[in-house]
1. Looking at segment A:198-285, what helices (runs of 4 or more DSSP H) fall wholly within it and have at least 3 residues that are away from chain B (no Cβ under 11 Å)?
2. Just name the residue that is nearest to the chain's Cα centre (by Cα) out of those in segment B:102-141 that are among the β-branched types (Val, Ile, Thr) and either within 14 Å of chain A (Cβ to nearest Cβ) or over 20 Å from B:Thr171 (Cα atoms) (or both).
3. Taking segment B:149-173 as the region of interest, how many residues are assigned to a loop (DSSP other than H, G, I, E, B) and surrounded by 23 or more Cβ atoms within 10 Å (Cβ to Cβ)?
4. With the requirement that a residue be more than 8 Å from chain B (Cβ to nearest Cβ) and farther than 19 Å from B:Thr145 by Cβ, what does segment A:89-105 give you?
5. Residues to consider are A:Ile224, A:Ile239, A:Ile274; find the one that is within 21 Å of A:Asn153 (Cβ to Cβ), buried (at least 20 other Cβ atoms within 10 Å of the Cβ), among the β-branched types (Val, Ile, Thr) and out of contact with any Lys or Arg (no Cβ under 8 Å at 6 or more places or on another chain).
6. Determine if segment A:107-117 includes at least one residue that is closer than 26 Å to B:Leu29 by Cβ, of a type in the set (S, T, N, Q) and in a helix (DSSP H, G or I).
7. Conditions: (1) more than 28 Å from B:Glu57 (Cβ to Cβ); (2) buried (at least 23 other Cβ atoms within 10 Å of the Cβ). B:Ser115 meets all but one. Number of the miss?
8. Among (1) touching a Phe, Trp or Tyr at 6+ places or on another chain (Cβ under 6 Å); (2) away from every other protein chain (no Cβ under 14 Å); (3) buried (at least 24 other Cβ atoms within 10 Å of the Cβ), there is one condition B:Ile146 misses while meeting the rest; what is its number?
Amino acid sequence: MDIIRLLQLIVSSSLIFAAPLILTALGGTFSERSGVVNIGLEGIMVMGAFMSAIFNIQFVGTFGNMTPWVGMLAGGLIGLLFSIIHAVATINLRADHIVSGTVINLAAPALAVFLTRALFGAAQTGPLPRSFGRSNIFLLHRIPVIGPIFFRNTSGPAFFGILMAILSWFILYKTRFGLRLRSVGEHPHAAETLGIKVYTMKYAGVLISGFLGGMGGAIQSQAIHNEFGILTVAGQGFIAIAAMIFGKWNPLGAMGAAIFFGFAQSLARVGNSIPIIQNIPSVWLQVLPYLLTILVLVGFIGRAEAPAAIGKTYIKSK
Amino acid sequence: MLTKNNDKLTNLMVPILSIILGFIFGAILMLAFGYNPLLAYQVMFDGVLRNPFFFGEALRQATVLTFTGLGFAIAFKAGFFNIGVAGQVLVGWISAVWFALAFPDLPRIVLVTLSLGVGMLVGAVWSAIAGYLRAYFGTNEVIVTIMLNYTALFVTNYLIRAVISDGGNTTDRVGPNASLSVGWLTSLTNGSRLNAGLFIALVVVALYYVFMTQTTAGFELRAVGLNSFASTYAGMSAPKNIILSMFISGALAGLGGAIHGLGTFGNIFTQSGLPYVGFNGIAVALLGLGNPIGIFFSAVLFGILDVGSGFLPNRAGVPDEMAEIVIAAIIFFVGANYLIRFLLDKMKTKKTVTEGGE
């Protein structure tokens, strides 16, 4: 295999596995920047994956080739709806953020499989009619050398995720809304004194995270597994949260970390066609992303990077 | 979260009302999809409570849930969220079975004790990794335990396929010398897999209570959980208590896994996902409000729901995931107990007002 084809294989498969992680990690960034820990992203991804699979099957006749993209929006919407539970529980009902997130993670797979059985009579949807597949990125794939490696036959959703990361960075650091959102995560009392509606900003953070996480789940089912079942998401939401932490709660950092984890995950799938790596027993490649996550958390990030008021219930002053 | 309010009645009302609200939520969901909720709940409870075999199975499930619940609770008391219970169950399970298969000729009492001990120790060490990283590197234990869960899953499956069996998906069954089954329990419950693990669970519930309320070490764990700054100031070592709480937490989960291996199944097989008893253990601990006796009763309730859900598809036409949804809903209301406390307070104030008016 020549070097360009090899690089093309590594880059494109990394991006395919990174795409769901990028969007979900961005979601986590918005939520945690507003001070709400959202480990429920795993469950939100499950709901997004479920919804988009149903959508894909039902509406493929209407939307044709655009089906997975519209399905992604549908997944985002259901993620947003589902995240309302987390928002109400943590913001208004003062629930522990991790307990509420765990409830979402318990409820989502059960609910999604319950609904799948109610609709299809089986625990899986079966193959989806139209998946994301691989695509060339508009014009860029014609650039010599770089074009074939990075932009040809690659993952459309990953490039969408990269655009979203840039947009998220802009929103968080360059707009009034972003400043307010971050201030609520750092010092809600001070923010409230300045007239910022703390609860509204926290709701915004959690709902945006639900939307992005739902889209991440939708990509997981429509680009990687091509069906919905109980094993479709299996831990991706948690890895996305780890990517967000590794990326130091910054959208661009989270994106970079997500691509790195995508690379680690893709090794388990395409490793056997890459020289050197093909000699490593597959169990090592399977556990690699998880062990890397731990090593990264231990070694490369300091302690006090998280928003200061993260995970704390804010009780509005009367 | 776990019992900060000293009002005992309110504390008891929270789990009870949560259970009721959880069942009501499940009923609404079933109605929305055209199922009959009363029939569903009836077949679940009748199926389990009126049949010795299935009641035995529910208690058997409750046994393991008690361990995972206590395991989660002890770390939670010390201020840590051990989501890794599922992975610790798995490593405890495989190491106990592996040990029992490796030394089949030891006398029964020795083999059972050592196998359980090995499962317990491996679970403890697996969990203590997260405690150690938390104590000395400040690494978020939620993420680390989740990552260790998936590592445990893949490594266990690999060991089953490549090391313990010859490329198969299940190991051999452990010999009668390693089995936890008790003749009279089995015949009392018409051949269910209920085993001596139940008695171990009851003993551990008592030990847990004594440890937490009567010993210095237990007091330190609780103190660190309530206020780690104050307890450090009082001379307690935060790193020591973090690691200790995660160690005990993993030991309990590992013991639960070992009992699953030697009592329930007698072997281990490749898993497609992490064992549910781990995550439901979290639910059990939260519903039991961290109290060992409460945890035992929660485990029995969830054991009944778990086994009873098997009757749903055939006898009521409802997907068996319904039970899991009800469990999640119950925990939602436990977590959002502010809502329940708020409503109870409202009711109380109204009462006093009317009484005052008379």
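The values are calculated or read from the model by the stated rules, or taken from the named source; none is laboratory data. Remember, it's a predicted structure, so these values are computed and weren't measured experimentally. Reconstructed Cβ throughout: ideal geometry from the backbone, glycine too, with neighbour counts over all protein chains shown.
1. Details: elements: A:198-219, A:236-246, A:251-270.
Those helices (runs of 4 or more DSSP H) span A:198-219, A:251-270.
2. Our first condition is that a residue be among the β-branched types (Val, Ile, Thr); within segment B:102-141, this holds for B:109-110, B:112-113, B:118, B:122, B:125, B:129, B:139.
Imposing the further condition that a residue be either within 14 Å of chain A (Cβ to nearest Cβ) or over 20 Å from B:Thr171 (Cα atoms) (or both) reduces the set to B:109-110, B:113, B:125, B:129, B:139.
On the way: B:Ile109: 26, B:Val110: 27, B:Thr113: 21, B:Val125: 18, B:Ile129: 20, B:Thr139: 24 Å.
Restricting to residues being among the β-branched types (Val, Ile, Thr) and either within 14 Å of chain A (Cβ to nearest Cβ) or over 20 Å from B:Thr171 (Cα atoms) (or both), the top hit is B:Val125.
3. So the first thing to find is which residues in segment B:149-173 are assigned to a loop (DSSP other than H, G, I, E, B), and the list is B:165-169, B:171-173.
Still in the list and also surrounded by 23 or more Cβ atoms within 10 Å (Cβ to Cβ): B:171.
Of the residues in that region, 1 qualify.
4. A:Thr90, A:Ile91, A:Asn92 - these are the residues of segment A:89-105 that are more than 8 Å from chain B (Cβ to nearest Cβ) and farther than 19 Å from B:Thr145 by Cβ.
5. Details: A:Ile239 fails: within 21 Å of A:Asn153 (Cβ to Cβ); A:Ile274 fails: buried (at least 20 other Cβ atoms within 10 Å of the Cβ).
Just one listed residue meets the conditions, A:Ile224.
6. If we filter segment A:107-117 for residues that are closer than 26 Å to B:Leu29 by Cβ, which is where we start, we get A:107-117.
Of the ones still in play, those that are also of a type in the set (S, T, N, Q) are A:116.
Filter once more, keeping what is in a helix (DSSP H, G or I): A:116.
Looking for residues that are closer than 26 Å to B:Leu29 by Cβ, of a type in the set (S, T, N, Q) and in a helix (DSSP H, G or I), one finds at least one in segment A:107-117, hence yes.
7. (1)
8. (2)
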